[in-house]
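Presented below is the structure to which this report refers.
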Amino acid sequence: MRENTRTKNVFADKATLVARKMFLEPKRKWVVRDFIGQGRLSLGMAQEVLGAMEKKGYVERIKKGPESYTILTNRETLITDWEKEYEFDVNKIYTYYSPDKNILKKIKECLNNNRYVLTLHTGANLITTFVKTEDVFFYLRSCDWDKDLLTLRQKLGLKELVRGGNVHIIRPYYKTSIFFNTQKIKGFNVVSNLQLYLDLYNFQPRGREHAEHLKGLLEEKGEHLD
């Protein structure tokens, strides 16, 4: 992630929970307490993030004493700035090889307790079928990476090659927010449409093309990135 003193509080992991939540209800009048609580932000951090978003012109803060609130006013600019700021490569990726044509199904069976979410072309293709690829990309939720990677490799028969592979297990940079608003598509756990778009946008090959196609397809359906 590029360091920028003006935007890092907005686009850092937990801080993005503010924007992600706003995207779910873009017309809502938000108050600070909507973003705080268990597993979310502290009062001070929520106030800091909202202040930074106001300075960037993403939101407008209406000050009415105890009836003060914040509204999202510039969704598209927020997404545009985010896609410039975000780099998928900040994640740590463990790449292995499997000759199994049903490896995606076996991953789902092996991690059926919401410990994984698909992303990049793997997740987006469940919506768009836009890019033909045999590579599988998924985020793994883990508290013990060495143990869980070894167990997963043994269960799935994953091999480590000198170069390349087709199964990519991702240790998320966004440790908290990557699992926000995940969705179930055709029986598979997938990151939110917003995260799909962000992951794809600066990814090669054909990531930006797929990201823009996904966004257009959602808009045709009357849906948005959230």
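The values are calculated or read from the model by the stated rules, or taken from the named source; none is laboratory data. For clarity, every value in this text was computed on a predicted model and none was experimentally measured. Note: ideal-geometry Cβ built from the backbone for every residue, glycine included; neighbour counts use all protein chains shown.
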For the range 92-119: of the residues being within 26 Å of residue 11 (Cβ to Cβ) and in contact with a Ser or Thr (Cβ under 9 Å, 6 or more places away or on another chain), which is surrounded by the most Cβ atoms within 10 Å (Cβ to Cβ)?
117
Just to be sure I understand the filter: pairs with C-beta atoms under 9 Å, separated by 6 or more residues or on different chains, first member in the range 9-22 and within 15 Å of residue 73 (Cα to Cα), second member small (Gly, Ala, Ser). Which pairs pass?
18/46; 20/177; 20/192
If you check residue 204 against the conditions, is it polar (S, T, N, Q) and over 12 Å from the mean Cα position of the chain (by Cα)?
yes
Out of (1) of a type outside the set (Lys, Arg); (2) crowded, with 18+ Cβ neighbours inside 10 Å; (3) farther than 15 Å from residue 114 by Cα, what's the single condition that is false for residue 222?
(2)
Close pairs from the range 23-48: first on the phi > 0 side of the Ramachandran plot and assigned by TED's automatic domain parsing to the domain that holds residue 182, partner crowded, with 18+ Cβ neighbours inside 10 Å and in a helix (DSSP H, G or I), Cβ under 9 Å, at least 6 apart:
none
Can you list residue pairs whose Cβ atoms sit under 7 Å apart, with the first residue in the range 162-189 being free of Cβ contacts under 8 Å to residues at least 24 places away in the same chain and the second being β-branched (Val, Ile, Thr) and crowded, with 19+ Cβ neighbours inside 10 Å? Count only pairs 6 or more apart in sequence or on different chains.
183/190
When you scan the range 56-69, do you find a residue that is at pLDDT below 95 and part of a helix (DSSP H, G or I), even just one?
no
Quick one: in the range 206-226, of everything that is assigned to a loop (DSSP other than H, G, I, E, B) and touching a residue at least 12 places away in the same chain (Cβ under 8 Å), which residue is farthest from residue 143 (Cα to Cα)?
223
Any idea which of (1) of a type in the set (Ser, Thr, Tyr); (2) under 16 Å from the mean Cα position of the chain (by Cα); (3) under 25 Å from residue 97 (Cα atoms) is the one residue 182 doesn't satisfy?
(3)
Boolean, residue 132 is on the phi < 0 side of the Ramachandran plot and touching a residue at least 40 places away in the same chain (Cβ under 8 Å)
no
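Every residue, every condition in (1) outside the structural domain of residue 14 (by TED's automatic domain parsing); (2) touching an Asp or Glu at 6+ places or on another chain (Cβ under 8 Å); (3) over 25 Å from residue 86 (Cα atoms), yes or no:
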{"site": "122", "(1), (2), (3)": "yes, yes, no"}
{"site": "128", "(1), (2), (3)": "yes, no, no"}
{"site": "138", "(1), (2), (3)": "yes, no, no"}
{"site": "150", "(1), (2), (3)": "yes, no, yes"}
{"site": "155", "(1), (2), (3)": "yes, no, yes"}
{"site": "163", "(1), (2), (3)": "yes, no, yes"}
{"site": "168", "(1), (2), (3)": "yes, yes, no"}
{"site": "176", "(1), (2), (3)": "yes, yes, no"}
Looking across the range 8-32 at residues that are hydrophobic (A, V, I, L, M, F, W, C) and in a loop (DSSP other than H, G, I, E, B), the single one that is nearest to residue 87 (Cα to Cα) is 12
Go through the range 87-173 and tell me which helices (runs of 4 or more DSSP H), entirely inside it, have 1 or more residues that are within 16 Å of the chain's Cα centre (by Cα) and closer than 19 Å to residue 205 by Cβ.
120-128
